[in-house]
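Working notes, beginning with the structure itself.
Bear in mind these aren't lab numbers, they're just calculated from the coordinates by the rules spelled out. Remember, it's a predicted structure, so these values are computed and weren't measured experimentally. When we count neighbours, we look across all protein chains shown, and the Cβ atoms used for this are built from the backbone with ideal geometry, even at glycine.
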Amino acid sequence: MFYRESGQFKTSYQKDQQVFPIAQDRIFIALLLVVAFAVVPFVADEYWLQAVIIPFLIFSLAAVGLNLLTGYAGQVSLGTGAFMAVGAYATYKITTAFPEINIVIVFLMSGMVAAGVGIVFGLPSLRIKGFYLAVATLAAQFFILWLFNKVGWFFNDSPSGTITAPPRTLFGIMISGPEATAEVRYFVSLTFLVVFTVIAKNIVRGRIGRSWMAIRDMDIAAEIIGIQPLKTKLMAFAISSFYCGLAGALSVFAWLGGAETEAFSIAISFQVLFMIIIGGLGSIMGSIMGAAFITLVPIFLTNMPAMFGIPMATDLSKHIEEIVFGGLIVFLLIVEPHGFARLWQIGKEKLRQWPFPY
Amino acid sequence: MAQDMTKPRNIGDVLLNVENISIAFGGVKALDGVSFDVREHEILAIIGPNGAGKSSMLNCINGFYHPQDGIITFKGTPRQRMQTHEAAAQGIARTFQNIALFKGMSTLDNIMTGRNLKMKKNLLWQALYFGPALTEELEHRAKVEEIIDFLEIEAIRKTPVGKLPYGLQKRVELGRALAAEPDLLLLDEPMAGMNHEEKEDMCRYILDVNDEFGATIVLIEHDMSVVMDISDRVVVLDYGRKIAAGTPDEVRANQDVIDAYLGVSHD
Ligand SMILES: Nc1ncnc2c1ncn2[C@@H]1O[C@H](COP(=O)(O)OP(=O)(O)OP(=O)(O)O)[C@@H](O)[C@H]1O
Ligand SMILES: [Mg+2]
């Protein structure tokens, strides 16, 4: 009854091309942003920010990045963890070598480095597709982590073999290092996520996004209308890796405070892949919903026995959590193979017709 | 739907010349020394029995197949080999015998991709979706809407093309090809699988495209009445060879053509 586009006529193509053509959607998103920026940091405590919300934001960014490559351009990648590692290690190298460069600039530079590495490992995509390409990106995953582990230069030969976030400020506020508060790190992660989600949305609804989807849906026809496959695919690898690199940099500098290559293992690559499959391939919003599901549900499950006052050994509850979580994923994919994004759309469809479905 | 014969057709110079084209797959000679030319603004039909090499000919013209022998001259520039994506830049667009649309994208987006080559704004502007990038997007959207009006597919603008019935998909595919504003339009069996009414519509669109947009058209079609009605000239292929060429009436009277279609044995 209240969720309608009736009376909202599109008087120009510009209006028709808005991201959220329905006014109620725009209001909802605006509210969400207000809550995220003005309410969450003041009500959430340190534990929630550090253990739940910041990782959710950072993984959302990585998921948006992977969805550009896999969901929009149709190129499967299992190298997400490695591209994140490139971003993290590049930030570490650049900021320790040039401490005077603003850390935000360093983040962006590191994204560029990850983009470059993404292009190199995207080259096989011209010849191979699907599972075979996934295996090729797996090579990136193992090779890059091996390199970062073996060559001391990457972690400045620190005896522990880890990289740590040095204290860095933005506008005089400590945003990374041991003294940066969870609230500040939350703001930094949130701002990056919002800005780059908008950018991603813009890219996918324009020429570049359409050429990605064309390559995904039928590469031969795409080529015949003049889309160059190599250029288009490499662009997808570059931009996607930029996002992953940025997420990797944030995971060390705005979340973990320090890391070794283990933090970017193949398990991370799979996790981000699950996020976009559950959220919906080819949907920016879906990437974020998928990231929310994968990061929040396990925490919810872990705390559930305690919430209901059921005493349980931690390892037992951990096993149960994994079983339930796996079961949920399978259930979701059977019910709606196109993920949350599609469920969301169906829900809106229903809401639009409510209360008169016919 | 018959073409108005009294209207003068301003057929121009040679736009495309194919000279002695041959291509073989394994032992099969799909094309064997075929030559013909296409003049500006005309509608040329390629006909022939199944497996005659018609689709292979179109594939050679738009650079998807690379002929083993022969030269193709387009707009006065001869070429032997080119990348598939270069044909589009030179002004050649096509539709496929088996529809090749982007199934996950809407009608609007499918047709918009047809204008990709004309859109120039770089990644940074696109990322902002603002200023020049937005202006560009809206300009092209307006062009695409003209095509959507022309093909009478307004109602399915936002529908993913995978969900459309066959006849409409063929129409969207024509729209995508038109969006590129090609000089040469290659249509591979645009009316296959359509009922009588849909065929009439498609004929009208093809004639209008030729008339209003000034596009030169090479089409493959099995329905003889359609071919006779809309084409200026006809080229007949059989077993990879050109067995006849001329006006529809000349071709219809040609004994070799009659034999080929009646299945007289080749010896
Ligand atoms: N890519 C290919 N690989 C192998 N053989 C091919 C290929 N393309 C065409 N051929 C063969 O070349 C011959 C001509 O095929 P083509 O598709 O050009 O015929 P056609 O005239 O379009 O037939 P139809 O009316 O059935 O569409 C056929 O024998 C076909 O099997
Ligand atoms: Mg054919």
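Worth a mention:
- Shape of segment B:105-179, Cα gyration tensor, a/c cut at 1.5: prolate
- When each of the peptides A:213-225, A:332-344 is scored by the mean number of other C-beta atoms lying within 10 Å of its residues, the order from highest to lowest reads A:213-225, A:332-344.
- The residues packed around B:Asp223, meaning those with a beta-carbon under 15 Å from its beta-carbon, carry a net charge of -3 if Lys and Arg are +1 and Asp and Glu are -1.
- Neighbouring Cβ atoms from other chains, within 10 Å of the Cβ of residues in B:57-67, number 1 on average.
- Charged side chains reduced to their Cβ positions (Lys and Arg at +1, Asp and Glu at -1) give segment A:36-265 a dipole of some 880 debye around its Cα centre.
- Shape category assigned to segment A:101-244 from the gyration tensor of Cα positions, a/c cut at 1.5: oblate
- Dipole magnitude of segment A:131-283, debye to nearest 20 (Cβ charges: Lys/Arg +1, Asp/Glu -1, about Cα centre): 520
- Think of the protein assembly as shown as having a plus end and a minus end, set by charges on the Cβ of Lys, Arg, Asp and Glu; of A:Ser60, A:Phe192, A:Ala182, A:Ala182 sits farthest toward the positive end of this dipole.
- Estimated FRET transfer efficiency (A:Val34, B:Asp149; beta-carbon r; R0 51 Å; 0.05): 0.80
- 222 nm mean residue ellipticity, helices alone, for chain B (DSSP H n ≥ 4; -39,500 (n - 2.57); rounded to 500): -10500 deg cm²/dmol
- Separation between Cα centres of segment A:60-116 and segment A:179-249, rounded to whole Å: 12
- Size of electric dipole in segment B:105-179: Cβ of Lys, Arg +1 and of Asp, Glu -1, about Cα centre, debye, nearest 20: 240
- Gyration tensor verdict on segment B:145-236 (Cα atoms; rounded if a/c is under 1.5, prolate if a/b is larger than b/c, oblate otherwise): oblate
- For A:Leu328, net neighbour charge (Lys/Arg +1, Asp/Glu -1) across residues whose Cβ lies under 15 Å away: -3
- Note on A:208-215: average number of Cβ atoms from other chains within 10 Å of each residue's Cβ is 5.
- Structure note, pairs A:Lys231/B:Lys121; B:Lys75/B:Lys158; B:Lys199/B:Lys242; B:Lys29/B:Lys103: Cα-Cα distances above 25 angstrom occur for B:Lys75/B:Lys158; B:Lys199/B:Lys242; B:Lys29/B:Lys103.
- Note on segment B:186-216 and segment B:132-173: Cα centroid distance 17 Å, given to the nearest whole angstrom.
- With kT/(6 pi eta Rh) evaluated at 37 °C and eta = 0.692 mPa s, and Rh the Kirkwood radius from Cα pairs, segment A:190-239 diffuses with a coefficient of 285 µm²/s according to Stokes-Einstein.
- 10 Å Cβ neighbours from other chains, averaged over peptide B:121-132: 4
- Taking a Cβ cut-off of under 14 Å around B:Arg39, the surrounding Lys, Arg, Asp and Glu residues balance to a net charge of -3, with basic ones at +1 and acidic ones at -1.
- Helix-only arithmetic for chain A: the sum of -39500 (n - 2.57) across DSSP H runs with n ≥ 4, divided by the residue total, places the mean residue ellipticity at 222 nm at -21000 deg cm²/dmol.
- When only Cα pairs below 8 angstrom with a gap of at least 6 residues are kept, chain B shows a relative contact order of 27 percent.
- A simple spin-label model places pseudo-atoms 7 Å from Cα toward Cβ; at B:Asp249 and B:Thr73 they are separated by 3.0 nm.
- The order of A:Trp48, A:Trp255, going from fewest to most other C-beta atoms within 10 Å of their C-beta, is A:Trp48, A:Trp255.
- Ranked by the mean number of other Cβ atoms within 10 Å of their residues, highest first, the peptides B:138-145, A:200-207 fall in the order A:200-207, B:138-145.
- Bridges between two residues of the protein assembly as shown, per DSSP, are antiparallel at a rate of about 60%.
- Remark on segment B:131-172: ratio of C-alpha radius of gyration to 2.2 N^0.38 Å is 1.35.
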